[in-house]
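As structure tokens, the structure follows; a few thoughts come after it.
The values are calculated or read from the model by the stated rules, or taken from the named source; none is laboratory data. Keep in mind the model is a prediction, meaning the values are calculated, not measured. FYI the Cβ positions are ideal-geometry reconstructions off the backbone, even for glycines, and counts take in every protein chain you see.
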Amino acid sequence: MNRERPIRSFGKSAAFGLAALAVVVLDQFTKYMAAAYIPLHDSIPMVSGYVNLVHVRNPGAAFGILAGFGGAIRSAFFVLVSAVALAVIFWLAVTSKENNPWLMSGYALFFGGALGNLIDRLRFGEVVDFIDVHVGPYHWPAFNVADSALCVGTAAFFLYFFFKRKAA
């Protein structure tokens, strides 16, 4: 009887949970600080010409996609999509037989990022964004820690699949 598998599986699940929780806590704390100390639609230059702290609300998805769509339908759609994504990611992370750090990091970052933005949607009906990266007048859409975790998690998935394919 192999007793090592359940312990390793628990360790993998605990690491996933702790990493996802860290993303959610950091995301919610930074959003709270931005909303508490920066008036809505105001901006504080951090690195002149490149980075501002702002307080904006995004009712849409990434880059404001669907922001102009009807409020109640849009909110219900994003809550449903987020809930399904969270359930799928959780199931994949917990049932995965692989213990690859890129894959597990991707799951944890993606789960934490999706949960952080879902919390905002449930509380406010929109997502708090506060990081404004730009070069002179050319601005990237404002984002937050959860968005960053989603992007880094996606990159971790790509690295996992890239290196897995090379090894095959």
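Yes or no, residue by residue, for (1) more than 19 Å from LEU150 (Cβ to Cβ); (2) surrounded by 14 or more Cβ atoms within 10 Å (Cβ to Cβ); (3) among the polar types (S, T, N, Q); (4) at pLDDT 95 or above:
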{"site": "VAL25", "(1), (2), (3), (4)": "no, no, no, yes"}
{"site": "GLN28", "(1), (2), (3), (4)": "no, yes, yes, yes"}
{"site": "LYS31", "(1), (2), (3), (4)": "no, yes, no, yes"}
{"site": "ASP42", "(1), (2), (3), (4)": "yes, no, no, yes"}
{"site": "SER48", "(1), (2), (3), (4)": "yes, no, yes, no"}
{"site": "ASN58", "(1), (2), (3), (4)": "no, yes, yes, no"}
{"site": "ILE65", "(1), (2), (3), (4)": "no, no, no, no"}
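Restricting attention to the range 119-149 and to residues that are in a helix (DSSP H, G or I) and either of a type in the set (D, E, K, R) or touching a Phe, Trp or Tyr at 6+ places or on another chain (Cβ under 6 Å) (or both), the residue that is surrounded by the fewest Cβ atoms within 10 Å (Cβ to Cβ) turns out to be ARG123. Looking at the range 120-132, is at least one residue more than 15 Å from the chain's Cα centre (by Cα), at pLDDT below 95 and among the acidic types (Asp, Glu)? So far as the range 120-132 goes, no, none of its residues is more than 15 Å from the chain's Cα centre (by Cα), at pLDDT below 95 and among the acidic types (Asp, Glu).
LEU109 falls short on exactly one of the conditions (1) surrounded by fewer than 18 Cβ atoms within 10 Å (Cβ to Cβ); (2) modelled with pLDDT of 95 or more, and that condition is (1).
Look at (1) closer than 16 Å to VAL24 by Cβ; (2) surrounded by 16 or more Cβ atoms within 10 Å (Cβ to Cβ); (3) within 14 Å of the chain's Cα centre (by Cα) and you find that ALA156 fails only one, number (1).
Filtering the range 135-153 down to residues that are among the hydrophobic types (A, V, I, L, M, F, W, C) and farther than 16 Å from PHE111 by Cβ, which residue is farthest from the chain's Cα centre (by Cα)? So that I can check it myself, show each step before the final result.
Of all residues in the range 135-153, those among the hydrophobic types (A, V, I, L, M, F, W, C) come to 135, 140, 142-143, 145-146, 149-152.
From what is left, the residues that are farther than 16 Å from PHE111 by Cβ are 135, 140, 142-143.
On the way: VAL135: 24, TRP140: 17, ALA142: 14, PHE143: 10 Å.
Only one residue tops the list, namely VAL135.
Across the range 94-103, what is the number of residues that are over 19 Å from PHE162 (Cα atoms) and surrounded by 12 or more Cβ atoms within 10 Å (Cβ to Cβ)?
Looking only at the range 94-103, we keep the residues that are over 19 Å from PHE162 (Cα atoms), and these are 94-95.
Among the residues that remain, those that are also surrounded by 12 or more Cβ atoms within 10 Å (Cβ to Cβ) are: 94.
Adding up the residues that qualify gives 1.
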